[in-house]
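The values are calculated or read from the model by the stated rules, or taken from the named source; none is laboratory data. Everything numeric here is computed off the predicted structure, so don't read it as measured data. With ideal geometry, Cβ positions are generated from the backbone for all residues, glycine too; neighbour counts draw on all protein chains shown.
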Amino acid sequence: MVNADQAVIPVHFAGRRDRATLDQDGVDVLRIAGDRIVEVRLFSVDQAAEDAFWGLG
């Protein structure tokens, strides 16, 4: 979806790190100025699981 200077993109991402796996949906929100992406916000369905995958939780 695009609205004014923002674009919203549904995403699915997966990864494997050591013995941990991650497989989930999310949404990326981009703010665009001119022909460049100037801001990115990433939202995960399960932020706690993503944090645990990266060793942050």
Of the candidates 7, 14, the one satisfying the condition of being on the phi < 0 side of the Ramachandran plot, assigned to a strand (DSSP E or B), touching a residue at least 12 places away in the same chain (Cβ under 8 Å) and in contact with a Leu (Cβ under 7 Å, 6 or more places away or on another chain) is 7
message = Kindly evaluate residue 26 against the criterion of being free of Cβ contacts under 8 Å to residues at least 40 places away in the same chain and either in contact with a helix residue (DSSP H, G or I) (Cβ under 7 Å, 6 or more places away or on another chain) or in a strand (DSSP E or B) (or both).
response = yes
Exception for residue 37 within (1) modelled with pLDDT of 95 or more; (2) assigned to a helix (DSSP H, G or I) falls at (2)
